[in-house]
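Asks: Have a look at this one.
The values are calculated or read from the model by the stated rules, or taken from the named source; none is laboratory data. Note that the structure is predicted; figures quoted are calculated from it, not measured. Methodologically, a virtual Cβ is constructed for each residue, glycine included, from the backbone with ideal geometry; neighbour enumeration extends over all protein chains shown. Just so you know, the surface numbers come from the protein's heavy atoms only, side chains and all, with ligands and any DNA or RNA stripped out. Shrake-Rupley method; radii C 1.70, N 1.55, O 1.52, S 1.80 Å.
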Amino acid sequence: VDGTGATRIPEQAWGVTTQNAATLFLHLLAPEKLPQDAAVCKLVVPLPDDFRVARKGAVSLLSGGTPLAYELSKDHFLNITVPLSALEDIDTVICVAAD
């Protein structure tokens, strides 16, 4: 994604993250490493303490802008449900808007 840089989130088994001023980008490079059932996979992202997720429409696919279901835990982990049908061949990018 153009105009992004590194984040404080370490590389994860499923991929990496990049960020610009307003958005965190989750790059699912190895979705097979995520827990899956018949139709979805579950992505858990450890967020920096100072990152605030926007309230409305905060989590979506970069390709097409489809909103994704998510929950933010008390310990600042973002839990995202990703339909298996949304996964791309090389890099599925999920956008997380900052508040």
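Asks: Just add up the charged neighbours of Y70: K/R +1, D/E -1, any other residue whose Cβ is under 14 Å from the Cβ of Y70. Don't skip to the answer; put the middle values down first.
Replies: Working: positive: K42, R52, R55, K56; negative: E71, D99.
Residues near Y70 contribute +2 overall.
Asks: Who wins for biggest fluctuation among P67, P35, P83 in a Gaussian network model of the chain, springs between alpha carbons below 10 Å?
Replies: Of P67, P35, P83, the Gaussian network model singles out P35 as fluctuating most.
Asks: Oh, and also: Extension gain A98-A54, at 0.36 nm per residue separation less the Cα-Cα distance, in nm? Please report the intermediate quantities before stating the final value.
Replies: Numbers: separation 44, 0.36 × 44 = 15.84 nm, distance 0.50 nm.
Extending this stretch completely gives an extra 15.3 nm.
Asks: A further question on this structure: Taking the Cα-to-Cβ direction at V16 and at K33 and moving 7 Å from each Cα, how far apart do the two end points lie in nm?
Replies: With each label point 7 Å from Cα toward Cβ, the separation is 1.2 nm.
Asks: Can I ask one more? Which whole-angstrom value gives the distance between the alpha carbon centres of segment 59-99 and segment 1-57?
Replies: 7 Å
Asks: Right, here's the next one. What distance in nm lies between label points placed 7 Å from Cα along the C-beta direction at D75 and L87?
Replies: 2.6 nm
Asks: Please tell me the relative contact order of the chain in percent, rounded to the nearest whole number, where contacts are Cα pairs under 8 Å and at least six residues apart.
Replies: Values: 184 pairs, mean separation 31.3, N = 99.
Rounded, it is 32 percent for the chain.
Asks: Another one. Could you check which residue among K56, K33, K42 shows the biggest mean-square fluctuation in a GNM of the chain with a 10 Å Cα cutoff?
Replies: Looking only at K56, K33, K42, the biggest GNM fluctuation is shown by K56.
Asks: Continuing with the same structure: Can you pull the percent of the chain's accessible area that's carbon plus sulfur, 1.4 Å probe, other chains left in place?
Replies: Numbers: 3000 of 5780 Å².
Answer for the chain: carbon and sulfur cover 52 percent of the accessible area.
Asks: What translational diffusion coefficient, in µm²/s and rounded to a whole number, does the Stokes-Einstein relation yield for the chain at 20 °C and a viscosity of 1.002 mPa s, taking the hydrodynamic radius as the Kirkwood radius over Cα pairs? It would help to have the intermediate numbers written out before the result.
Replies: Details: Rh = 13.5 Å.
After rounding, the answer is 159 µm²/s.
Asks: Where only protein heavy atoms count, and the probe is 1.4 Å, what is the accessible area per residue for segment 3-78 in Å²? Walk me through the intermediate numbers first.
Replies: Values: 4530 Å² over 76 residues.
It amounts to 60 Å² per residue over segment 3-78.
Asks: What is segment 47-97's relative contact order, in percent, from Cα pairs under 8 angstrom and six or more apart in sequence?
Replies: On the way: 57 pairs, mean separation 22.1, N = 51.
Once normalised by length, the contact order is 43 percent.
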